[in-house]
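*Asks:* Input: one structure, supplied below.
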Amino acid sequence: MNLIETLGFEAAWSPYFLVFLSTIYLVFMIMFKNKIKKIYFTVSIILIYLVKGSPIDLYSHFLFSVHMTQMAILFLVIPPIILYSCRDFEILNTLNKFNKPLLSLFLFNGVFSIYHFPIIFDFVKSNIYLHALTNIFIFILAILMWVPIVIDRSELSQMQKIGYIFANGVLITPACALIIFSNHTLYDTYTTMGGVMNSLRLCIPASAFDTIDSSFIDRILTMSKLYDQQLGGVIMKILQEVIYGFSIGFVFLEWLKAEKENVYE
């Protein structure tokens, strides 16, 4: 199924969003002095476009498993890369002084879990403005959640950072478990024609709706809707474990580096 041919270039590749991201990218490139930090920021911008501007975003409105992959990259991969590239910016050090790690921990995981309650999820996915604001809000919470881990002068010790990361993994587990072990589909957005159509209004022009019917949607779905939902929960949990595992490794290496510097002082 070629979605680009069926729904059009604008729906599949979001050119206006690409222009917006390119503008942000050029502005930040002027501010960076370190080449490595430029590379990290470039990677983060590319990832943002891939998950929110490319056909991946379009498929996320048809397949819940793609949606959860998108969420994992958007909230668990991109924020630490952005923070690492900008960790020398004074504004982040100021933000870190006011950021409360425990509050950020519970806010991010709490709001992310509440967002995936079926009644709330279906409601948010039916309104373009509410959907955009919700995603931006959770992204900001994700940034705040990652600040104590990535920023050098965090109030947490390295051991506390490892515990903080572990707690993140524990707190997100109930939402994943609800999705994985449910024996029925949870989201009308992915299981009913009306729900899918409401969701698609978020990302495709009105002119493309004439090409969409139930047979079009069925041709995209290559698995049962329940299996797609369960797969989405499994993907989120596995990616979360891998990402947090790498984060613990990152913290541990920084800990060793700091200890070596203390030894040779």
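The values are calculated or read from the model by the stated rules, or taken from the named source; none is laboratory data. Fair warning: this is a prediction, and the values are worked out from it, not measured in the lab. Please note: Cβ atoms are built from the backbone with ideal geometry, for glycine as well, and neighbour counts cover all protein chains shown.
*Asks:* Which one is farthest from E10 (Cα to Cα) among residues in segment 32-49 that are free of Cβ contacts under 8 Å to residues at least 12 places away in the same chain and not β-branched (V, I, T)?
*Replies:* Among residues in segment 32-49 that are free of Cβ contacts under 8 Å to residues at least 12 places away in the same chain and not β-branched (V, I, T), the one farthest from E10 (Cα to Cα) is K33.
*Asks:* Okay, next question. Could you say whether any residue in segment 93-108 is closer than 30 Å to I204 by Cβ and either assigned to a helix (DSSP H, G or I) or in contact (Cβ under 8 Å) with a residue 12 or more places away in the chain (or both)?
*Replies:* Yes, there is a match, as at least one residue in segment 93-108 is closer than 30 Å to I204 by Cβ and either assigned to a helix (DSSP H, G or I) or in contact (Cβ under 8 Å) with a residue 12 or more places away in the chain (or both).
*Asks:* While we're here: Give the residue that is modelled with the highest pLDDT, with candidates limited to residues of segment 150-196 that are of a type outside the set (S, T, Y), outside any helix (DSSP H, G or I) and surrounded by 14 or more Cβ atoms within 10 Å (Cβ to Cβ).
*Replies:* So, considering only residues that are of a type outside the set (S, T, Y), outside any helix (DSSP H, G or I) and surrounded by 14 or more Cβ atoms within 10 Å (Cβ to Cβ), the one modelled with the highest pLDDT is L186.
*Asks:* Here is a follow-up. Has segment 22-31 got any residue that is closer than 22 Å to Y227 by Cβ and exposed (fewer than 15 other Cβ atoms within 10 Å of the Cβ)?
*Replies:* Looking through segment 22-31, none of the residues is closer than 22 Å to Y227 by Cβ and exposed (fewer than 15 other Cβ atoms within 10 Å of the Cβ).
*Asks:* Among the residues of segment 222-255 satisfying the criterion of being β-branched (V, I, T) and in a helix (DSSP H, G or I), which is modelled with the lowest pLDDT?
*Replies:* Within segment 222-255, the match that is modelled with the lowest pLDDT is V251.
*Asks:* Same structure, new question: Can you find even one residue in segment 88-109 that is closer than 19 Å to I180 by Cβ, modelled with pLDDT of 95 or more and loosely packed, with under 15 Cβ neighbours inside 10 Å?
*Replies:* Among the residues of segment 88-109, not one is closer than 19 Å to I180 by Cβ, modelled with pLDDT of 95 or more and loosely packed, with under 15 Cβ neighbours inside 10 Å, which makes the answer no.
*Asks:* Within segment 110-130, how many residues turn out to be surrounded by fewer than 18 Cβ atoms within 10 Å (Cβ to Cβ) and either over 16 Å from L186 (Cα atoms) or polar (S, T, N, Q) (or both)?
*Replies:* Final tally of qualifying residues: 7.
*Asks:* Can you go through F137, F123 and tell me which one is on the phi < 0 side of the Ramachandran plot and either more than 16 Å from the chain's Cα centre (by Cα) or in contact (Cβ under 8 Å) with a residue 40 or more places away in the chain (or both)?
*Replies:* F123
*Asks:* Those residues that are farther than 20 Å from E90 by Cβ and free of Cβ contacts under 8 Å to residues at least 24 places away in the same chain, I need them from segment 16-31; list them, please.
*Replies:* Hits for segment 16-31 are Y16, V19, F20, S22, T23, Y25, L26.
*Asks:* Does F137 satisfy the condition of being surrounded by fewer than 18 Cβ atoms within 10 Å (Cβ to Cβ), modelled with pLDDT of 95 or more, of a type in the set (F, W, Y) and closer than 30 Å to I30 by Cα?
*Replies:* Yes.
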